[in-house]
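First up is the structure itself, then whatever we jot down about it.
The values are calculated or read from the model by the stated rules, or taken from the named source; none is laboratory data. On a predicted model such as this, the values are computed, not experimentally measured, just so you know. Cβ: placed from backbone, ideal geometry, glycine included. Neighbour counts: every protein chain shown. The protein model used for the area step is the full one, side chains on, heavy atoms only, and it has no ligands, DNA or RNA in it. Shrake-Rupley method; radii C 1.70, N 1.55, O 1.52, S 1.80 Å.
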Amino acid sequence: MISSNAKYWIWLTLALGYNTPKVKRIAKLYSDISLFYHGGKKEWRFCGILSDSDIEKLSKATLEEAQKIIDRCNELKYSVLAIDDESYPSCLFNIDSPPAVIYISGTLPDIDNRLSIGVVGTRRATDYGLKNSYKIAYALSKYGVTVVSGGALGVDCASHRGSLAADGVTICVRGCGINCNYLHENEQMRRAITRRGAVISEYPPDETPRNYYFPARNRIISALSDGVLVIEAGAKSGSLITANLALEQGKE
């Protein structure tokens with residue numbers, strides 16, 4: 001399923017980038033994003049949201065570029081959920097900078113109506129940390145809790161595998177496109193996740209990872225979670241970024 005207005009929101013992200021609060025402001029102001037697109041420079045200038053630089057970027061981006069991404073998603077059988085779609089999670093919309101679109105491989109559960117816990121931690125976990133990541137995710141899944149994590153090596157991978165072993169539902173939030181073969185060793189795990197839950201990203205399918213994508217995706221992990229469990233993390237790690245984001249979002 002690809003949201004009817006997805007190409008307009010993809011066009012917007014191609015112009016303005018990801019992780020921007022302007023997406024939410026535009027979504028609140030326009031019930032139909034196509035009206036924003038067709039309004040052109042005059043509409044963009046008078047909406048009161050965009051800078052001159054933003055307007056210039058919008059002028060250079062094209063719907064053809066966005067359509068190519070839609071076509072690629074159709075080819076790969078990915079879903080694209082736009083921020084103005086009825087099934088877009090409200091828990092995600094409620095954060096300061098919700099993604100304009102979510103690319104999905106598998107089936108995103110009704111996250112607003114089921115308990116979900118984010119499990120995060122270091123890529124260099126001890127055996128003790130890996131064991132507990134697996135055991136806790138397994139136990140949570142046995143009680144019907146959705147496990148959310150980032151698909152990385154270490155704690156993330158152990159928690160996803162624990163959930164899968166319990167026939168649970170798990171969501172993997174990637175810091176790159178969901179078709180990107182970053183962390184080749186986890187490819188089979190990601191395929192298994194799509195059969196029990198979803199692999200998702202705010203980035204187009206073939207987008208390669210960049211350092212700043214990973215801290216940005218942490219806001220999505222915390223938003224989708226009712227609480228966040230940190231298992232072994234460095235003082236300046238991305239896991240603690242996720243924990244702090246969760247606190248800011250009013251999560252446990």
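Measure off 7 Å from each Cα along the Cα-to-Cβ vector at D167 and L153, then give the distance between these two points in nanometres to one decimal.
Using points 7 Å along Cα→Cβ, the separation is 3.3 nm.
Between helix 238-248 and the chain, what is the angle of the helix's C-alpha long axis to the longest principal axis, kept within 0 to 90° and rounded to the nearest 10?
That works out to roughly 70 degrees.
Helix 187-196 sits at what angle to the longest principal axis of the chain, using alpha carbons and giving 0 to 90 degrees rounded to 10?
Between the helix axis and the principal axis of the chain, the angle is about 80 degrees.
Determine the order of S53, S159, S105 by accessible area, beginning with the largest, at a probe radius of 1.4 Å.
Ranking S53, S159, S105 by accessible area, largest first, yields S53, S105, S159.
Please list log₁₀ I(q)/I(0) at q = 0.25 Å⁻¹ for region 159-200, using the Debye equation with identical point scatterers on the alpha-carbon positions.
Summing over Cα pairs of region 159-200 leads to -0.83.
Over 24 Å apart: what share of the alpha carbon pairs of region 1-102 falls there, rounded to a whole percent?
Values: 883 of 5151 pairs.
Looking at region 1-102, the distances longer than 24 Å represent 17 percent of pairs.
Determine the gain in length on full extension of the stretch H184-D112; use 0.36 nm per residue of separation and subtract their C-alpha separation, reporting nm with one decimal. Don't skip to the end; give the middle numbers.
Working: separation 72, 0.36 × 72 = 25.92 nm, distance 3.13 nm.
Result for the pair: 22.8 nm of gain on full extension.
Could the peptides 29-36, 200-207 be put in order, highest first, of the mean number of other beta-carbon atoms found within 10 Å of their residues?
Most protected by this proxy first, the peptides run 200-207, 29-36.
Hey, which lysines would be in cross-link range of K22, C-alpha to C-alpha under 27 Å, not counting anything within fewer than 8 residues on its own chain?
K7, K41, K42, K57, K60, K68, K251
Given 0.36 nm per residue, what is the gain on full extension from K57 to E252 after removing their alpha carbon distance, in nm? Can you show the working numbers first?
Numbers: separation 195, 0.36 × 195 = 70.20 nm, distance 3.87 nm.
Using 0.36 nm per residue and subtracting the Cα-Cα distance, I get 66.3 nm.
In region 168-223, what chymotrypsin sites (Phe, Trp or Tyr not before Pro) fall in a loop by DSSP, with at most 11 other Cβ atoms inside 10 Å? Spell out each step's value before the answer.
On the way: sites: Y182, Y212, Y213; in loops: Y182, Y212.
Loop-located and lightly packed - Y212.
Relative to the first principal axis of the alpha-carbon coordinates of the chain, what is the inclination of helix 33-46, with its axis defined by its Cα atoms, in degrees from 0 to 90 and to the nearest 10?
60
Take the Cβ-Cβ distance between L29 and E75 as r, set R0 to 35 Å, and report the resulting FRET efficiency rounded to the nearest 0.05. Please list the in-between numbers first.
Numbers: r = 33 Å, r/R0 = 0.95.
After rounding to 0.05, the efficiency reads 0.60.
Based on the mean of other beta carbon atoms within 10 Å per residue, what is the order of 162-170, 38-46, most packed first?
On the way: 162-170: 22.3, 38-46: 13.0.
Packing proxy ranking, top to bottom: 162-170, 38-46.
How many percent of Cα pairs in region 186-252 exceed 20 Å?
Working: 879 of 2211 pairs.
Percent of Cα pairs beyond 20 Å in region 186-252: 40.
What is region 82-214 by shape, rounded, prolate or oblate, if you read a ≥ b ≥ c off the alpha carbon gyration tensor as root eigenvalues and call it rounded for a/c under 1.5, prolate for a/b larger than b/c, and oblate otherwise? Provide the component values of the computation, followed by the final result.
Values: a/c = 1.72, a/b = 1.23, b/c = 1.40.
Since a/c reaches 1.5 but b/c is at least a/b, the shape of region 82-214 is classed as oblate.
Which value at 222 nm does the chain reach when only helices count, each DSSP H run of 4 or more adding -39,500 (n - 2.57), with the total divided by all residues and rounded to the nearest 500 deg cm²/dmol?
Details: 11 runs with 120 residues, N = 252.
Calculated mean residue ellipticity at 222 nm is -14500 deg cm²/dmol.
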